[in-house]
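In what follows, a structure is listed as structure tokens, so that the remarks can point back to it.
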Amino acid sequence: MDRIVLLNSNTYHGFTLEEAFQGMERAGFTYVELTATKGWTEHVFPTMSFGELYQLKEDMEKRNIIPLALSGHTNLMDEERVGDFILNMSLAHFFGCKYILTSIGEAHLKDRKEISDEEVAEVVKKLIPYLEKFDLTLCLENHGKHSTGKHLAKIVGLVDNARVKINYDTANAVFYGQVDILKDLSSCIDLVGFVHLKDKDGP
């Protein structure tokens, strides 16, 4: 089965989205995962004006760059941030993305809260109507406390909805989970909907 390979604009953290697009074109990528992570990489963001967002959309069309996913990392365990994630879902829909990605907590930032797997699943279930409204698949990334595919498989199983899958990050599995990637993947492969393929030296 054919798979789409795309570039995450967060690869160009610290650079502008224009510079990321230039790098993409030189590397020969057609598909992009746009990054909208508050306080980290805000290549696109809901607070941008409609004019700015529309201009970016037109720019991608002219460059033949297709936005397939949006990295909208938000701490879903913080009730005050759930609204931010819903805005990110709307933004993903605006750009025509099919996937929206996030970790359970706030990747890269410090406002993480710990919560049981059952409580995580209940929070995610509340997002399903929005996923249906915006025709998106939510892929939860292994990161931090939830660093393994095996752990995320339990949460996704509790949610039990086709619109919620795993975004398997190979580097995070090694860096945070310190697991054998092949063994860990075998425990969750049927639930993987997206992959962040990254290098990481051993633990």
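The values are calculated or read from the model by the stated rules, or taken from the named source; none is laboratory data. Small disclaimer: the values here were computed from a predicted structure and weren't measured. All Cβ positions, even for glycine, are placed from backbone atoms using ideal geometry, and neighbour counts span all protein chains on display.
Remarks
- Pairs linking a residue in segment 53-66 that is closer than 14 Å to G96 by Cα and touching a residue at least 24 places away in the same chain (Cβ under 8 Å) to a residue that is surrounded by 12 or more Cβ atoms within 10 Å (Cβ to Cβ) and aromatic (F, W, Y), with Cβ atoms under 6 Å and 6 or more positions apart or on different chains, are I66/Y31.
- V32 being loosely packed, with under 14 Cβ neighbours inside 10 Å and of a type in the set (A, V, I, L, M, F, W, C): no
- Scanning segment 177-199 for residues that are under 17 Å from E33 (Cβ atoms) and of a type in the set (K, R) returns a single hit, K198.
- Among residues that are in a loop (DSSP other than H, G, I, E, B), among the β-branched types (V, I, T) and surrounded by 14 or more Cβ atoms within 10 Å (Cβ to Cβ), V44 is included.
- Filtered residue count, segment 26-49, keeping only those that are within 13 Å of L91 (Cβ to Cβ) and without any contact (Cβ under 8 Å) to a residue 40 or more places away in the chain: 6
- Check on T41, in contact with an Asp or Glu (Cβ under 8 Å, 6 or more places away or on another chain) and among the β-branched types (V, I, T): no
- Complete set of residues in segment 47-60 that are within 24 Å of P129 (Cβ to Cβ) and either aromatic (F, W, Y) or in a helix (DSSP H, G or I) (or both): L53
- Residue count for segment 62-81, restricted to those that are under 15 Å from the mean Cα position of the chain (by Cα) and within 18 Å of L140 (Cα to Cα): 9
- Taken together, the residues in segment 132-164 that are farther than 20 Å from D190 by Cα, at pLDDT 95 or above and not aromatic (F, W, Y) amount to 3.
- For segment 61-103, the set of residues classified as assigned to a helix (DSSP H, G or I) and aromatic (F, W, Y) consists of F85, F94, listed by residue number.
To keep it simple, each residue is scored yes or no on (1) touching a Gly at 6+ places or on another chain (Cβ under 7 Å); (2) closer than 28 Å to L127 by Cα; (3) at pLDDT 95 or above.
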site	(1), (2), (3)
G28	no, no, no
Y31	no, yes, yes
V44	no, yes, yes
L68	no, yes, yes
H73	no, yes, no
D84	no, yes, no
N88	yes, yes, yes
C97	no, yes, yes
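- Residues that are surrounded by fewer than 20 Cβ atoms within 10 Å (Cβ to Cβ) and in contact with a Leu (Cβ under 6 Å, 6 or more places away or on another chain) do not occur anywhere in segment 70-83.
- Considering residues of segment 125-176 that are touching a Cys at 6+ places or on another chain (Cβ under 6 Å) and under 21 Å from L70 (Cβ atoms) only, the residue surrounded by the fewest Cβ atoms within 10 Å (Cβ to Cβ): K165
- Residues satisfying the stated conditions in segment 177-201, i.e. surrounded by fewer than 19 Cβ atoms within 10 Å (Cβ to Cβ), assigned to a loop (DSSP other than H, G, I, E, B) and not aliphatic (A, V, I, L, M): Q178, D180, S187, K198, D199, K200, D201
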